[in-house]
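Read through the structure below, which is laid out as structure tokens, and then see the notes.
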Amino acid sequence: MKKALVHDWFSVYAGAEKCVESFTNIWDDFDVYSLIDFLNDRDREIILKGKKAHTSFIQKLPKAKEKYRNYLPLFPLAIEQFDLSGYDLIISSSHAVAKGVLTHQNQLHISYVHTPMRYVWDLYHQYLKESKLDRGIKGFIAKYFLHKIRIWDFITVNRVDYYIANSKYIAQRIKKVYGKESTVIYPPVDVDKFKLYEKKEDFYMTASRMVPYKKIDLIVEAFSQTNKKLIVIGTGPDMEKIKAKAGRNIELMGYQSDEVMIEMMQRAKAFVFAAEEDFGITPVEAQACGTPVICLGKGGTKETVIDMLTGVYFMEQTVGALLEAVDKFEKNSSSFDPKKIRENALRFSRDRFEREIKNFVEEKYRSFITNKENKQ
């Protein structure tokens with residue numbers, strides 16, 4: 001069985017890349033394809049076991065390393081240039097265009113979908129407003145290209161034989177956007193790296209890239225209205241805006257190593273998370289430390305955090321709703337058992353993910369081969 005692995009782009013080691021890492025843990029003989037590959041040596045060794053991906057023409061375009069997203073209108077064309085006709089099995093890891101690779105009837109294509117493209121579907125209007133592209137000539141051009149990509153994304157739906165969703169939330173979106181059923185296999189979380197720590201201290205923490213949909217500004221604004229200490233780890237485009245909202249009780253630590261991040265997660269009385277995520281790995285990592293999570297009760301976190309057992313939900317992305325949830329947590333803080341919280345996180349381990357993926361792919365490939373032989 002000759003296998004190809006297709007991923008949208010390799011620029012950093014983030015959640016989607018952790019799934020690719022597991023795919024290459026299971027099978028070490030993939031040929032890897034991606035629009036770009038700018039991984040550093042350390043991340044390449046972890047994710048791709050030292051291999052380099054076959055890249056598209058995007059790799060050689062000006063400033064592609066930093067500005068590859070500017071070439072979004074070319075992504076559909078670029079992904080279709082990969083000649084995968086010699087492979088028996090194609091696995092795509094897709095949150096943009098990877099699922100749209102060209103395949104034929106003698107190939108099995110399984111797509112692990114992190115999300116249908118947010119910026120052309122459910123976050124389309126939000127994306128335009130945040131990018132200041134909701135009006136003017138530039139806005140018209142952006143809308144035109146996003147419209148074209150949306151059409152392309154839909155017409156490529158049947159290039160995939162089986163869809164795997166990273167949460168029930170994404171399975172619902174796949175059904176809504178593509179009209180396709182999918183199997184839910186939650187992504188891998190390195191729960192063994194995040195050790196249980198039961199001696200909690202009197203501070204809250206959050207950690208994320210500082211981009212609009214993560215709502216770090218909301219968390220900082222809410223805690224600035226209290227005297228409760230909040231530690232914030234992470235950096236990004238919204239850093240200056242968040243600094244302007246931070247009160248004296250907010251400590252902005254910027255980028256930190258994994259070691260510091262884990263230590264803060266272990267010691268914090270609660271981890272705060274306000275994004276509506278597809279899955280959300282950091283709330284699971286916090287729970288692996290035995291730390292309860294105060295989170296939006298929508299999206300992936302609704303599936304990974306259990307209200308009033310491993311955390312507390314708030315149902316609206318508002319300062320008032322978040323502060324009510326913090327108050328509710330404080331009134332019930334003694335009822336949260338770190339060991340039970342960690343136990344919940346273990347449901348999302350890397351071993352579990354790799355076992356479920358391996359069984360799913362091998363079962364579907366056996367059925368595919370049997371059906372092909374019966375037709376001959």
*Would you please classify the overall shape of region 30-164 from the alpha carbon gyration tensor, given that a ≥ b ≥ c denote the square roots of the eigenvalues, rounded means a/c under 1.5, and beyond that prolate means a/b larger than b/c while oblate covers the rest?*
oblate
*asked:* Below 11 angstrom from the Cβ of residue 319, what's the summed charge of the other residues (Lys, Arg +1; Asp, Glu -1)?
replied: -2
*Exposed loop trypsin sites (Lys or Arg not before Pro) only (DSSP loop, at most 11 other Cβ atoms within 10 Å): please give the longest stretch of the chain free of them, not including the sites.*
249-376
*Pull up all non-local amide H partners of residue 184: gap of 5 or more, or a different chain, and H-to-H distance under 5 Å with H placed in the peptide plane.*
165
*In region 160-254, GluC sites (Glu not before Pro) in a DSSP loop with at most 15 other beta-carbon atoms within 10 Å*: 181, 198, 201
*asked:* Test of the criteria: in region 198-284, which chymotrypsin sites (Phe, Trp or Tyr not before Pro) are in a DSSP loop and have at most 14 other Cβ atoms within 10 angstrom of their Cβ?
replied: 255
*Karplus (6.51, -1.76, 1.60) ³J(HN,Hα), θ = phi - 60°, over region 78-92, in Hz, Gly and Pro reported as x*: 5, 5, 7, 7, 6, 8, 9, 5, x, 9, 7, 10, 10, 10, 10
*Looking at 308, 133, 334, which one has the Cα that reaches farthest to the positive end of the dipole of the chain (charges on Cβ: Lys, Arg +1; Asp, Glu -1)?*
133
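Readers should treat all values here as calculations from the given coordinates under stated rules, not as data from a laboratory. What you are looking at is a predicted structure, and each value in this text was computed from that prediction instead of being measured. Glycine also receives a Cβ, built like all others from the backbone with ideal geometry; neighbour counts cover every protein chain displayed.
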